[in-house]
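The structure appears right after this line, and notes come after that.
The values are calculated or read from the model by the stated rules, or taken from the named source; none is laboratory data. Model, not experiment: these values are computed from the prediction. Neighbour counts run over all protein chains shown; Cβ positions are idealised from the backbone, glycine included.
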Amino acid sequence: MESFYALALIAGILVAFVLLVLIATYHDSFKAEIPPDVDQPSKLRLYHCIFTLMEILAKNLERLGIFEEHILLRLVTDGLPACRDSKLFIRDMHFDEVPVRIYLPRAPSASKRRGVIFFHGGCGMFGSIRSHERICRYIARKSDSVVVSVGYHLSPEHQYPTQTLDGLTVTVHFLKTAENYGVDPDRIIVCGDSAGGTFTASVCQELANRRDIPKICAQVLIYPFLQTLNFNLPSHQKNAFIALLSRERAVLFLLKYLKKDCSMKEAILAGSHVPESMNLKYRKWINPDLIPERFKLGYKPPLPTSFLPQVHEETKELFETRLSPLLAEDAVVCCLPDTCIITCEHDVLRDDGLLYKKRLEDNNVKVTWYHMEEGFHCALAFFGYGIFSFPSSSKMVNHIVNFVKGY
């Protein structure tokens with residue numbers, strides 16, 4: 001027994017030493033802006049440091065050939081398993097080979113319930129049904145809805161656009177079979193956070209003009225990623241070095257998701273991947289002039305950059321509406337369902353949501369907008385962990401529930 005404790009102590013000392021070496025070696029990586037008005041800044045700083053440490057550790061383990069970087073990061077972002085829920089029936093199933101988890105309220109209902117399809121965030125590479133378990137349970141309980149959480153297949157094992165196609169498959173399947181689960185097919189809402197918001201917007205656009213299935217009645221976009229043309233909008237500048245999702249990290253994750261050469265990061269950040277003709281075509285929809293003045297404090301127009309044709313050719317997927325729903329034509333946007341958009345002040349993607357809000361309103365789509373002044377990207381992922389969560393996490397989920405209950 002004494003030898004066991006001695007080995008455990010030695011192992012602990014070695015682990016601590018390795019972590020200290022990593023922290024010392026990558027000291028600059030831990031630096032991030034933590035605004036004083038963000039939700040619980042000290043806690044956010046702690047979580048940023050933990051995630052950064054895991055990211056550095058994952059990169060080094062990949063270099064050593066132990067396992068790939070995204071494997072460890074998935075373990076970190078999946079969170080802890082939730083306890084049993086006595087108010088819900090929970091079933092794991094497959095909709096046409098795509099894993100789903102269905103949350104059905106146990107209490108009997110006098111009529112058919114509404115349905116909610118949920119796409120988790122995580123850049124298309126991380127996150128899972130488990131990572132958003134507490135959120136989906138809460139929505140099901142509090143809104144008395146049947147929630148379908150989608151376990152779409154992740155990149156890099158399953159290349160883009162598998163994730164959107166999986167979402168489309170699940171949505172069509174559920175729209176066709178909703179009554180089997182006690183759901184009114186005319187009361188189905190699609191919801192997602194971050195990249196899940198991208199998939200939500202894309203699925204709603206692809207189904208906007210379908211006549212062979214019931215129409216989606218509403219969509220919920222939680223700090224969504226909606227365009228890849230301009231990474232120099234006011235929110236990108238203001239939150240360029242913000243904790244958890246910096247401007248640089250957002251583009252790196254995007255390139256890794258698409259399995260592209262990450263050396264193109266600087267060119268994309270500068271906008272060199274976009275030809276002038278495309279900038280002129282889409283400036284009516286993606287333009288800092290369209291952002292309300294109160295969100296543009298300190299904004300400086302970026303310096304002109306040279307167009308790099310090779311980068312453009314290698315990243316043409318960035319201009320598809322499945323990755324950039326903001327580029328969809330008005331003929332599609334005007335047919336979209338009622339929309340709830342949640343944006344956060346301390347988020348590089350804030351302006352994506354603001355620009356989509358304007359596009360929808362310009363096309364006479366009803367929009368409900370909640371702006372979290374103290375919120376930050378990834379806040380939703382901390383929901384349901386008690387003292388380890390954030391007040392803004394609960395506010396977001398309650399906004400979602402209140403919106404869902406209106407349908």
Residue list for the range 273-287, filter: farther than 22 Å from PRO224 by Cα and in a loop (DSSP other than H, G, I, E, B):
PRO275
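Kindly provide the set of residues from the range 98-128 that are assigned to a loop (DSSP other than H, G, I, E, B) and either touching a helix residue (DSSP H, G or I) at 6+ places or on another chain (Cβ under 8 Å) or not assigned by TED's automatic domain parsing to the domain that holds TYR223 (or both), ordered by number.
Looking only at the range 98-128, we keep the residues that are assigned to a loop (DSSP other than H, G, I, E, B), and these are 106-112, 120-128.
Matches in the range 98-128: LYS112, HIS120, GLY121, GLY122, CYS123, GLY124, MET125, PHE126, GLY127, SER128.
Look through VAL203, VAL170, VAL183, VAL251 and report the one residue that is under 22 Å from GLU55 (Cα atoms), crowded, with 19+ Cβ neighbours inside 10 Å and out of contact with any Cys (no Cβ under 6 Å at 6 or more places or on another chain).
Values: VAL203 fails: under 22 Å from GLU55 (Cα atoms); VAL170 fails: under 22 Å from GLU55 (Cα atoms); VAL183 fails: under 22 Å from GLU55 (Cα atoms).
The conditions single out VAL251.
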So CYS217 passes all but one of these: (1) touching a helix residue (DSSP H, G or I) at 6+ places or on another chain (Cβ under 9 Å); (2) touching a residue at least 40 places away in the same chain (Cβ under 8 Å). Which condition number does it fail?
(1)
Count of the range 73-99 residues which are over 22 Å from PHE126 (Cβ atoms) and without any contact (Cβ under 8 Å) to a residue 12 or more places away in the chain
3
Select from the range 323-369 the residues that are among the small types (Gly, Ala, Ser) and in contact (Cβ under 8 Å) with a residue 12 or more places away in the chain and write down the one among them that is nearest to LEU290 (Cα to Cα).
GLY353
Number of the exception - LYS259 against (1) basic (Lys, Arg); (2) at negative phi; (3) surrounded by fewer than 17 Cβ atoms within 10 Å (Cβ to Cβ)
(2)
So ILE268 clears everything in (1) surrounded by fewer than 18 Cβ atoms within 10 Å (Cβ to Cβ); (2) out of contact with any strand residue (DSSP E or B) (no Cβ under 9 Å at 6 or more places or on another chain) except one condition, right? Which one?
(1)
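Would you list the helices (runs of 4 or more DSSP H) that sit entirely within the range 288-407 and hold 3 or more residues that are assigned by TED's automatic domain parsing to the domain that holds VAL147?
Output list reads 330-333, 350-362, 391-404.
So which of ARG91, ARG84, ARG113, ARG137 ends up being under 20 Å from PHE382 (Cα atoms) and more than 23 Å from the chain's Cα centre (by Cα)?
The unique qualifying residue is ARG84.
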Of everything in the range 294-305 that's over 17 Å from ALA240 (Cα atoms) and at pLDDT below 95, which residue is surrounded by the fewest Cβ atoms within 10 Å (Cβ to Cβ)?
PRO304
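So for the range 188-195 (the condition being surrounded by fewer than 23 Cβ atoms within 10 Å (Cβ to Cβ) and over 16 Å from the mean Cα position of the chain (by Cα)), does at least one residue qualify?
Of the range 188-195, the ones surrounded by fewer than 23 Cβ atoms within 10 Å (Cβ to Cβ) are none.
For the range 188-195, residues surrounded by fewer than 23 Cβ atoms within 10 Å (Cβ to Cβ) and over 16 Å from the mean Cα position of the chain (by Cα): absent.
Would you tally the residues in the range 176-222 being in contact with a His (Cβ under 8 Å, 6 or more places away or on another chain) and either basic (Lys, Arg) or in a loop (DSSP other than H, G, I, E, B) (or both)? Before the answer, list the steps.
Just the residues of the range 176-222 that are in contact with a His (Cβ under 8 Å, 6 or more places away or on another chain), to begin with: 192-194, 196.
Filter again for either basic (Lys, Arg) or in a loop (DSSP other than H, G, I, E, B) (or both), leaving 194.
The total comes to 1.
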Condition first: surrounded by fewer than 23 Cβ atoms within 10 Å (Cβ to Cβ), among the polar types (S, T, N, Q) and touching a helix residue (DSSP H, G or I) at 6+ places or on another chain (Cβ under 7 Å). Can you find one or more residues in the range 376-389 that meet it?
yes
How many residues does the range 233-266 hold that are of a type in the set (S, T, N, Q), in a loop (DSSP other than H, G, I, E, B) and touching a helix residue (DSSP H, G or I) at 6+ places or on another chain (Cβ under 8 Å)?
1
Kindly check whether there is at least one residue in the range 128-135 that is surrounded by fewer than 20 Cβ atoms within 10 Å (Cβ to Cβ), in contact with a strand residue (DSSP E or B) (Cβ under 6 Å, 6 or more places away or on another chain), over 16 Å from GLU179 (Cα atoms) and not acidic (Asp, Glu).
yes
Tell me which residues, restricted to the range 152-175, are in contact with a strand residue (DSSP E or B) (Cβ under 8 Å, 6 or more places away or on another chain) and in a helix (DSSP H, G or I).
ASP166, GLY167, THR169, VAL170, THR171, HIS173, PHE174, LEU175
Output the number of the condition that GLU248 fails; it satisfies all remaining conditions of (1) in the same structural domain as ILE400 (by TED's automatic domain parsing); (2) closer than 25 Å to SER155 by Cβ; (3) free of Cβ contacts under 8 Å to residues at least 24 places away in the same chain.
(1)
Search result, residues across the range 88-119 that are among the hydroxyl-bearing types (Ser, Thr, Tyr) and farther than 28 Å from HIS153 by Cβ
SER109, SER111
